[in-house]
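So the structure is just underneath, and the comments pick up after that.
The values are calculated or read from the model by the stated rules, or taken from the named source; none is laboratory data. Please read all numbers here as calculations on a predicted model, not as lab measurements. Cβ atoms come from the backbone with ideal geometry, glycine included; neighbour counts cover every protein chain shown. Please note that ligands, DNA and RNA were not included when accessible areas were found on the heavy atoms of the full protein model with its side chains. Shrake-Rupley method; radii C 1.70, N 1.55, O 1.52, S 1.80 Å.
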Amino acid sequence: ALPAPFGPAWRRYTPFLAEILAERRRLRRALRQAIPMQELALVYQPKVDLETARLVGAEALLRWHSAELGPMRPDIFIPLAEETGDIHAIGDWVLDAALRQLAQWQAEARLEDDFALAINVSSRQLMQAGFVAALLQRLEEHGVPAWRIKVEVTESGLIQDIRDAQERLAALRASGVGVSIDDFGTGYSSLSYLKSLPVSELKIDRSFVKDIAHNEEDRKLVETIIVIAHLFGCSVVAEGIEHEAERQILRGFGCEHGQGYLFARPLPPAEFAGWLTAPPANQVRSPGSTES
Ligand code: C2E
Ligand code: MG
Ligand code: MG
Ligand code: MG
């Protein structure tokens, strides 16, 4: 139920609000149907070594094409799913689909020894009772070793309950699953949580990367993040690299890995498979193919 100021009387005077609310109801209904209607799919963005352009992994990214509403952005529907609780079913679906794909690539013997697939996990999902045990069981069912995956979590979700988060991430790491902090630096969190969280990788958010070639302040920020990450024993991935100049600056700062349109957009599995077999020299492609 809506709080008092949003009751029926007030709504009468603000028709646009009623429209927004109706739109949100539609969206919620459609989202609830997304799994049974088979509207979800994963795409895979290559993650490369910034020095050699060699493929070192990929990030699984969720896509929802609603029959009713058309293509929907994860930035919109993931937060909504977190609000409604649908994130648990959706998160399960993502894990299962990602591990199935990984198992298939494994069976086709297409994977390099150090290839790891990153899977985004909502903090709501991570904090759900039994998450770690369920994940380990899923890995076993699919015959995928723990070190083949990395769990990506955003820092903002972790600091709400740092003790519990610490325990769960430690359990993941102990089992061999990689742990990556996504969107690093965008939240309000203090750096001190780094000393208590068992993390193997930091991901620098695109918002810090996109102006790095022109903005001295952003350059300083990114250099600092990389230094801190290394001091804490983490490797660094920069996201949203679109230009060669950005790659060079990041590489100069010692950033190991990167993702971005400069290398490849998120790709449907059939297209990503080409990356798994192509020699490194052919892996740097111009953007353009696939997703818009
Ligand atoms: P994220 O995990 O930080 O993912 C990076 C986003 O940057 C992705 O957006 C990716 O498509 C986009 N990106 C990558 N390279 C470039 C580039 O060079 N330029 C630009 N402009 N963008 C680039 P996407 O796929 O729309 O996902 C948005 C967010 O939705 C993700 O941010 C993640 O937080 C969330 N998300 C996506 N899939 C899942 C999922 O399966 N589970 C959960 N819980 N969240 C997900
Ligand atoms: Mg991510
Ligand atoms: Mg990210
Ligand atoms: Mg981001």
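Tabulated data for the structure shown
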{"item": "Residues being in a helix (DSSP H, G or I) and within 26 Å of ASP183 (Cβ to Cβ) - total across the stretch 14-65", "result": "4"}
{"item": "Unmet criterion (only one of (1) among the hydrophobic types (A, V, I, L, M, F, W, C); (2) surrounded by 15 or more Cβ atoms within 10 Å (Cβ to Cβ); (3) more than 16 Å from ligand 3 (Cβ to nearest atom)) for ALA58", "result": "(3)"}
{"item": "Filter result (surrounded by 14 or more Cβ atoms within 10 Å (Cβ to Cβ), more than 14 Å from ligand 1 (Cβ to nearest atom) and of a type in the set (Phe, Trp, Tyr)) within the stretch 172-209", "result": "TYR193"}
{"item": "Selection within the stretch 210-220 - open to solvent by 80 Å² or more (accessible area, probe 1.4 Å) and either of a type in the set (A, V, I, L, M, F, W, C) or not in a loop (DSSP other than H, G, I, E, B) (or both)", "result": "GLU216, GLU217, LYS220"}
{"item": "Residues (modelled with pLDDT under 95, touching a helix residue (DSSP H, G or I) at 6+ places or on another chain (Cβ under 7 Å) and away from ligand 3 (no atom under 16 Å from the Cβ)) located in the stretch 127-159", "result": "MET127, GLN128, ILE159"}
{"item": "Residue tally, condition over 23 Å from ALA238 (Cα atoms) and surrounded by fewer than 16 Cβ atoms within 10 Å (Cβ to Cβ), over the stretch 94-123", "result": "7"}
{"item": "Given (1) in contact with a Lys or Arg (Cβ under 9 Å, 6 or more places away or on another chain); (2) open to solvent by less than 10 Å² (accessible area, probe 1.4 Å); (3) in a strand (DSSP E or B), number of the condition PRO71 does not satisfy", "result": "(2)"}
{"item": "For GLN248: the one exception among (1) of a type outside the set (Phe, Trp, Tyr); (2) assigned to a helix (DSSP H, G or I); (3) within 16 Å of ligand 4 (Cβ to nearest atom)", "result": "(3)"}
{"item": "Subset of the stretch 225-240 (residues that are farther than 16 Å from SER200 by Cβ and open to solvent by 70 Å² or more (accessible area, probe 1.4 Å))", "result": "VAL227"}
{"item": "The stretch 98-124 residues that are aromatic (Phe, Trp, Tyr), paired with ones that are in a helix (DSSP H, G or I) and modelled with pLDDT of 95 or more (beta carbon under 7 Å, 6 or more apart)", "result": "none"}
